[in-house]
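Colleague: My questions all concern the structure below.
The values are calculated or read from the model by the stated rules, or taken from the named source; none is laboratory data. Quick caveat, the model's predicted, so the values are computed rather than measured. Cβ sites come from the backbone with ideal geometry, for glycine too, and all protein chains shown count toward neighbours.
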Amino acid sequence: METIFITHPLFRLHEMGAEHPESPLRLQAIERQLQNSGLADLICQVTPKKATDEDLLRVHSLHHILNLRQRTPQHGYAEVDADTRLNPITLEAAYYAAGAGITAVDHVLGGHTKSAFCAVRPPGHHACFDRAMGFCFFNNVAVAAAYALEHYELDQVVIIDFDAHHGNGTEDIFAHHEQVYMFGFYQHPYYPSTRHSPAAANMYNEPVAAGADSEQIRHIVNTYWLPKLRQLKPKLVFFSAGFDAHEADDMAQLQLGDEDFAWITQQVMQATASSAQGRAISVLEGGYDLSSLARSVQQHIQALAGLKNE
């Protein structure tokens with residue numbers, strides 16, 4: 001199967017307290033599901049390279065990087081906001097999480113594989129140009145997209161964000177960037193309670209109310225995403241893959257099921273097939289109910305790889 005699975009042991013050492021929902025148990029649940037389903041035997045696991053400061057500076061300020069270094073504790077935790085803390089390992093893990101997307105770009109655009117799933121922690125899509133927030137320190141998908149544009153001289157990429165929370169950091173970084181188009185939906189009003197108004201022309205992020213279900217989300221994908229994706233003809237697709245829109249996940253109040261994440265992925269892959277030819281890179285964001293997270297990731301990876309979801 002032409003799909004790789006990118007992860008690193010450091011991702012399990014970043015933690016923000018015993019009761020914090022963004023925990024190492026998330027990766028354990030995903031890896032257990034892939035093993036039990038047999039999917040792990042079909043995927044080549046790859047260790048990511050570490051992002052450099054040059055990589056990060058394409059999408060973040062030097063002030064932001066230095067601030068995180070200065071805040072990193074020798075022991076215990078250092079608070080960034082009420083929900084976001086650094087432990088002594090966090091920053092190193094964040095460099096490798098950002099590097100996972102870069103590693104995926106090199107494998108996919110280097111012709112070694114068609115697609116990649118980056119099982120990373122900490123997540124990234126809330127991290128802004130100059131601010132860490134919402135469990136996020138560096139914007140992993142933005143780092144990867146900027147690297148792909150510069151190193152492989154692509155004229156355009158698209159980012160699909162199906163996390164229940166607005167990918168405000170990604171929008172902050174790429175709003176009005178002519179080479180990056182972002183497509184998403186998110187619960188509103190809800191964390192992080194940010195909306196760009198009027199929206200930049202390259203941003204297709206649709207707010208939905210609590211309780212939005214499969215029918216509503218599929219309408220957004222069919223009506224707003226797919227026609228534009230067919231028109232754009234991107235050479236590379238990125239997914240900010242958050243699974244907290246699942247009905248079992250109490251970190252939001254959306255009502256998707258496992259099969260919806262497979263369907264969204266399949267529809268995007270089909271709409272971009274003629275231009276991207278299956279080249280896609282997915283980076284883990286949210287998803288906090290361990291059982292639904294693990295099942296939904298399996299469905300998503302199978303759809304990335306073009307395997308039939310049962």
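Colleague: With Asp55, Asp41 as the choices, which residue is without any contact (Cβ under 8 Å) to a residue 40 or more places away in the chain, more than 22 Å from Gly286 (Cβ to Cβ) and not hydrophobic (A, V, I, L, M, F, W, C)?
Modeller: Numbers: Asp55 fails: without any contact (Cβ under 8 Å) to a residue 40 or more places away in the chain.
Step by step, each of Asp55, Asp41 is checked, and only Asp41 is without any contact (Cβ under 8 Å) to a residue 40 or more places away in the chain, more than 22 Å from Gly286 (Cβ to Cβ) and not hydrophobic (A, V, I, L, M, F, W, C).
Colleague: Using the structure shown, decide if Gly101 is within 27 Å of Gln28 (Cβ to Cβ) and in contact with a helix residue (DSSP H, G or I) (Cβ under 8 Å, 6 or more places away or on another chain). First the steps, then the outcome.
Modeller: Numbers: within 27 Å of Gln28 (Cβ to Cβ): yes; in contact with a helix residue (DSSP H, G or I) (Cβ under 8 Å, 6 or more places away or on another chain): yes.
In short, yes.
Colleague: Here is a further query. Looking at the stretch 160-190, which of the residues that are part of a loop (DSSP other than H, G, I, E, B) and touching a residue at least 60 places away in the same chain (Cβ under 8 Å) is nearest to Asp250 (Cα to Cα)? Give the steps one after another, and end with the answer.
Modeller: Restricting attention to the stretch 160-190, the residues satisfying the condition of being part of a loop (DSSP other than H, G, I, E, B) are 162-167, 175-179, 188-190.
Checking the rest, the ones that are also touching a residue at least 60 places away in the same chain (Cβ under 8 Å) come to 162-165, 167, 190.
Details: Phe162: 16, Asp163: 13, Ala164: 11, His165: 12, Gly167: 18, Tyr190: 13 Å.
That would be Ala164.
Colleague: (1) outside any helix (DSSP H, G or I); (2) within 21 Å of Pro21 (Cβ to Cβ): which one isn't true of His112, the others all being true?
Modeller: Of everything listed in (1) outside any helix (DSSP H, G or I); (2) within 21 Å of Pro21 (Cβ to Cβ), His112 misses just condition (2).
Colleague: To continue, here is another question. Val120: over 13 Å from the mean Cα position of the chain (by Cα) and either not in a helix (DSSP H, G or I) or not charged (D, E, K, R) (or both), yes or no?
Modeller: On the way: over 13 Å from the mean Cα position of the chain (by Cα): no; either not in a helix (DSSP H, G or I) or not charged (D, E, K, R) (or both): yes.
For Val120, the condition - over 13 Å from the mean Cα position of the chain (by Cα) and either not in a helix (DSSP H, G or I) or not charged (D, E, K, R) (or both) - is not met.
Colleague: Still on this model: Just to be sure I understand, how many residues within the stretch 200-225 are surrounded by fewer than 18 Cβ atoms within 10 Å (Cβ to Cβ), farther than 23 Å from Leu236 by Cβ, in contact (Cβ under 8 Å) with a residue 12 or more places away in the chain and more than 19 Å from the chain's Cα centre (by Cα)?
Modeller: 6
Colleague: Can you find even one residue in the stretch 161-177 that is farther than 21 Å from Ile264 by Cβ, out of contact with any strand residue (DSSP E or B) (no Cβ under 8 Å at 6 or more places or on another chain) and at pLDDT 95 or above?
Modeller: Checked the stretch 161-177: at least one residue is farther than 21 Å from Ile264 by Cβ, out of contact with any strand residue (DSSP E or B) (no Cβ under 8 Å at 6 or more places or on another chain) and at pLDDT 95 or above.
Colleague: Select from the stretch 137-159 the residues that are outside any helix (DSSP H, G or I) and under 11 Å from the mean Cα position of the chain (by Cα) and write down the one among them that is surrounded by the most Cβ atoms within 10 Å (Cβ to Cβ). Lay out the reasoning, then the answer.
Modeller: Taking the stretch 137-159 and keeping what is outside any helix (DSSP H, G or I), we get 137-139, 152-159.
Add one more test, that the residue is under 11 Å from the mean Cα position of the chain (by Cα), and what stays is 139, 159.
Values: Asn139: 31, Ile159: 27.
Residue satisfying both the conditions and the ranking: Asn139.
Colleague: May I ask you to list pairs of residues, at least six apart or on different chains, whose Cβ atoms are under 9 Å apart, with the first in the stretch 110-135 being at positive phi and the second being assigned to a loop (DSSP other than H, G, I, E, B) and among the basic types (Lys, Arg)?
Modeller: Phe135/Arg121
Colleague: I'd like to verify a number: residues in the stretch 173-226 that are closer than 24 Å to Phe135 by Cα and in contact with a Gly (Cβ under 8 Å, 6 or more places away or on another chain), how many?
Modeller: Summing the residues that are closer than 24 Å to Phe135 by Cα and in contact with a Gly (Cβ under 8 Å, 6 or more places away or on another chain) in the stretch 173-226 gives 8.
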